[in-house]
1. Kirkwood Rh, Cα Rg: Rg to Rh for the chain?
2. What angle do you read, to the nearest 10 degrees and between 0 and 90, between the alpha-carbon axis of helix 286-296 and the longest principal axis of the chain?
3. Between D283 and Q16, what's the calculated FRET efficiency when r is the beta-carbon distance and R0 is 30 Å? Round to 0.05.
4. On alpha-carbon atoms, Rg over Rh for the stretch 157-257 using Kirkwood Rh?
5. Which percent of Cα-Cα pairs in the stretch 225-302 sits in each 5 Å bin, short to long?
6. If you average the sequence gap of Cα pairs under 8 Å that are 6 or more apart and divide by the length of the stretch 48-164, what percent do you get for the contact order?
7. Would you compute, for the Cα atoms of the stretch 9-80, the largest minus smallest coordinate along each principal axis and list the three values in descending order, in whole Å?
8. Can you list the aspartates and glutamates whose alpha carbon is less than 16 Å from that of K22, not counting same-chain residues fewer than 8 positions off?
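The values are calculated or read from the model by the stated rules, or taken from the named source; none is laboratory data. Remember, predicted model here, so these are calculated numbers, not experimental data. As a convention, Cβ positions derive from the backbone with ideal geometry for all residues, glycine included, and neighbour counts pool all protein chains shown. Only protein heavy atoms, including side chains, enter the accessible area calculation; ligands, DNA and RNA are left aside. Shrake-Rupley method; radii C 1.70, N 1.55, O 1.52, S 1.80 Å.
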Amino acid sequence: MTDTARIFYFCPEFPQPSGGVKALYRHVSLLRKAGFDAALVHQKRGFVTHWHGYTVPVIWLEDRPSFGPDDVLVFPEVMADFVRQTQHFEGRRVVIALSWAPAYSRLQPGERWAELGVEQIITRSPTIVRHLAWSMETAVTLIPPFIDPARYRPAPRGKLDQIAFMTRKDRTGEWLEQTLARRGTAAGHSWLALRNMNEATYAHHLQQSAVYLPTTLQEGLHASVLEAMACGCLVVGFSGIGGNDFMVGAGAEQNCVLVENGDLLALGQALETVLAARAAAPDAYDALIKRARATVLPFHDPAPEADALVAFFSATVFP
């Protein structure tokens, strides 16, 4: 590694809490702790996010910063236009693939990252590794995620009869709330939309919620499910494809109530069954929840993520 080498993670201007944005800030934080000169790049002067708790150096493209041939530019897959615009950049460029779907929706049909001059791809999801290996015939480096056990853990005083759900990518949770209210099958349960919260507040609500409802169809890591499992929530919903790496819907290792992606009827009926079972026997799903918490245990160790980042940027980008 040269003394002048710098790493710049480009980040979309997205103010709402997002697992992808958090991952970008966290990577920069970890790289700096490991001794790398790393920073976040936003477009508009003064834009920065704080909800995730990571404080890192930020530069803004409006200030017209200069990037040299020793630098490394890291682009999330949703910023494919930036990858195209930097094809003549003399330094190294890396794509961080946080979802498997935008990797092809932002590219032209049949286009591959290698054709845009990008040879190095990192991701946090084994599903994305397999997807890119198949669709782009390229090597992808897995950077394992970290789920903070100090933040994501069951509430010491037990659970509320509360159903938590996201609203950022779709409105399925709100639709189910109204449908079950009309049917009268969620009596005694409150509903909580997890939106516009800092991470501490978000984690607190997961700790208190008895049920977590993942409803999105396209997820890479599906970190919110791991976070909910760590908090002792009963997970009822879709895998988003990426969740298939750790969500088990049947058998001796079942750790969630898994519903086929996009089947809203089955999801509504499964949720009604779960709520009825909990009303009859509050401990009906205790064994399943225990297995879910055990599923997250390997992700509680921060070392694999930090070690993988250091190894990648030391040996691959700075050989």
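1. Working: Rg = 20.7 Å, Rh = 20.7 Å.
Radius of gyration over Kirkwood radius for the chain works out to 1.00.
2. The answer is roughly 10 degrees.
3. Working: r = 36 Å, r/R0 = 1.19.
Taking R0 as 30 Å, the efficiency between D283 and Q16 is 0.25.
4. Numbers: Rg = 13.2 Å, Rh = 13.9 Å.
The Rg/Rh ratio comes out at 0.95.
5. Cα pair-distance distribution for the stretch 225-302, in percent: 3, 16, 25, 26, 19, 7, 3, 1.
6. Values: 119 pairs, mean separation 20.9, N = 117.
Reported as a whole number, the value is 18 percent.
7. In descending order, the Cα extents are 33, 28, 23 Å.
8. Those aspartates and glutamates meeting the cut-off are E13, E77, D148, E199, E219, E227, E305.
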